[in-house]
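So the structure is just underneath, and the comments pick up after that.
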Amino acid sequence: MAAAATVAVLGGGLIAVRNVGTQPPVALPPEPVGKVDVPAATPTAAPTLASTEPTAQASPSSTVTSTFPPLQDVPEVCDLLPESLTSRLAPLSVSEPGVSKDGYGAKRKDCGWNQKGYNMKGGYNESRSINVKVNVFPDHESALDDADFMWDSMRDQSGQTEAAPLSTKYGEIKQISDLGDEAYAIYSQHTVRRTAMAWILLIRGNATIDIHFHGTDNKGREILSDKNSRPVSEEKLLQGAEEIARETLKGLTG
């Protein structure tokens with residue numbers, strides 16, 4: 001299990017952060033109490049998100065082997081998603097390389113697709129954004145260790161509701177089948193700002209792929225969310241995040 005990490009809430013969602021030195025300051029939740037026991041057995045594969053059931057006791061694979069060939073370097077993440085996908089899931093968005101830096105035993109790059117302008121429908125500005133981060137480790141075992149750390153964050157928050165000032169409600173952790181070697185997802189919603197996010201963390205060979213898909217409808221020509229905003233549903237955001245993950249994997253394999 002990896003050490004020295006921080007868990008932060010951003011835009012109504014959970015983000016586990018190792019490379020905290022490259023991120024702006026954010027509100028931090030209290031440290032988790034105790035340690036989640038991880039079963040040694042490999043979890044049973046679940047169907048895709050369209051029909052999956054909550055996986056309350058999700059656990060990483062006990063094996064440290066992978067059928068995927070290792071990546072030698074981190075690709076340009078902004079090139080991994082086609083415009084046909086980003087313009088549909090995040091209308092009016094423009095890709096911008098992130099600020100991730102190599103560290104903690106991995107090469108890292110990320111990209112964000114952020115909305116530029118108003119996407120008005122039915123009196124609401126439908127705000128959507130995507131962030132994808134790819135981390136390449138020396139081997140599969142190191143990548144699995146990193147993924148396990150991130151999945152622990154999902155397990156800790158699964159089905160929980162954080163009181164103010166965090167004010168965040170989490171869905172149940174879910175396993176996604178046929179997505180890299182192993183993948184888990186969770187939905188979160190900020191109960192005050194009314195924002196929502198789907199988070200998927202998957203492992204593929206010696207790489208981990210971290211995906212966040214934000215979706216909120218702001219009443220009127222508003223960029224910032226407030227009590228009048230409508231968070232996008234869990235089903236829609238998780239389905240969108242899974243589609244983003246599958247396209248990212250296609251981009252990695254050429």
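Quick notes on this one:
- Cβ pairs under 7 Å, 6+ apart, first in the stretch 231-242 and touching a residue at least 60 places away in the same chain (Cβ under 8 Å) and more than 15 Å from K169 (Cα to Cα), second of a type outside the set (S, T, Y) and assigned to a helix (DSSP H, G or I): G240/L89
- Residue, farthest from S229 (Cα to Cα), within the stretch 96-114, restricted to residues that are modelled with pLDDT of 95 or more and buried (at least 19 other Cβ atoms within 10 Å of the Cβ): A106
- Residue in the stretch 212-234 that is part of a strand (DSSP E or B), in contact with a strand residue (DSSP E or B) (Cβ under 7 Å, 6 or more places away or on another chain), within 21 Å of S95 (Cα to Cα) and hydrophobic (A, V, I, L, M, F, W, C) present: yes
- Flag if I130 is of a type in the set (V, I, T), farther than 20 Å from L80 by Cβ and touching a helix residue (DSSP H, G or I) at 6+ places or on another chain (Cβ under 7 Å): no
- From the options I203, I223, residue that is surrounded by fewer than 23 Cβ atoms within 10 Å (Cβ to Cβ), of a type in the set (A, V, I, L, M, F, W, C) and in contact (Cβ under 8 Å) with a residue 24 or more places away in the chain: I223
- Residue within the stretch 198-210 that is out of contact with any Asp or Glu (no Cβ under 6 Å at 6 or more places or on another chain) and assigned to a loop (DSSP other than H, G, I, E, B) present: yes
- The test for being surrounded by 24 or more Cβ atoms within 10 Å (Cβ to Cβ), among the β-branched types (V, I, T), over 27 Å from F68 (Cβ atoms) and more than 14 Å from the chain's Cα centre (by Cα) does not hold for T161.
- Residue that is farthest from C78 (Cα to Cα), among those in the stretch 164-191 that are crowded, with 19+ Cβ neighbours inside 10 Å and among the polar types (S, T, N, Q): T168
- Figure legend. Inter-residue proximity from the stretch 139-156: first residues under 11 Å from T65 (Cα atoms), second residues at pLDDT below 95 and surrounded by 18 or more Cβ atoms within 10 Å (Cβ to Cβ), beta-carbon distance below 6 Å, spacing 6+ or different chains. Indicated pairs: H140/S66.
- Close pairs from the stretch 92-119: first on the phi > 0 side of the Ramachandran plot, partner aromatic (F, W, Y) and outside any strand (DSSP E or B), Cβ under 8 Å, at least 6 apart: L92/Y118; G105/F137
The values are calculated or read from the model by the stated rules, or taken from the named source; none is laboratory data. Everything quoted here is computed from the prediction, not taken from an experiment. With ideal geometry, Cβ positions are generated from the backbone for all residues, glycine too; neighbour counts draw on all protein chains shown.
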